[in-house]
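Some notes on the structure that comes next.
Coordinate-derived values only; no laboratory data. Keep in mind that what you see is a predicted model, and the values were worked out from it rather than measured. We place every Cβ from the backbone using ideal geometry, glycine too, and count neighbours over all the protein chains shown.
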Amino acid sequence: MAAKLYIKPELKELNHIHMGRRIRSQRELLSMTREDLAFATDLSPKFIAEVEYGNKGIALDNLYKISQVLEVSCDYLIAGAYTGVELDEHVAKIAEDVIEPMVDFSQEEVKFIESVTNSYKNLRKKLGIPEKLPPIKK
């Protein structure tokens, strides 16, 4: 029997800094402090800070706890993608083009974006524009 040739796929490096930023961003989006997240996951606030800054790796069980408390998938926290979740193309595009760049935003910038979004929703209501519009086609 001939040996089977295995071609090694190109693997991406795990970026701890980006993962930490996604954790921090989601935590802040939920208006949680590091202490809140630490308490909910039985981890220390110092450890949460080290993970958020990308200075420390994290065990899978602890990442899973964090993902549950932050209400996002581990897949999103690790890779910034929702590969394990079926999303329609429009929502996936929003996640990639709008949400992912916000990982680097400060808490004040995220709150500003939230206020702009709420103002836009209120304006649409006043003008009688339906909540759900068809997806933008390019």
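For the reader, a short list of remarks on this structure follows.
- With both labels modelled 7 Å from their Cα along Cα-to-Cβ, the residue 39 to residue 7 distance reads 5.4 nm.
- Computed log₁₀ I(q)/I(0) - Debye formula, equal Cα scatterers, no solvent, the range 16-127, q 0.18 Å⁻¹: -0.94
- The number of Lys pairs in the range 16-127 with C-alpha atoms less than 22 Å apart, excluding pairs fewer than 8 positions apart on the same chain, is 7.
- Additional length obtainable on full extension of the chain from residue 56 to residue 68, 0.36 nm per residue less Cα span: 2.3 nm
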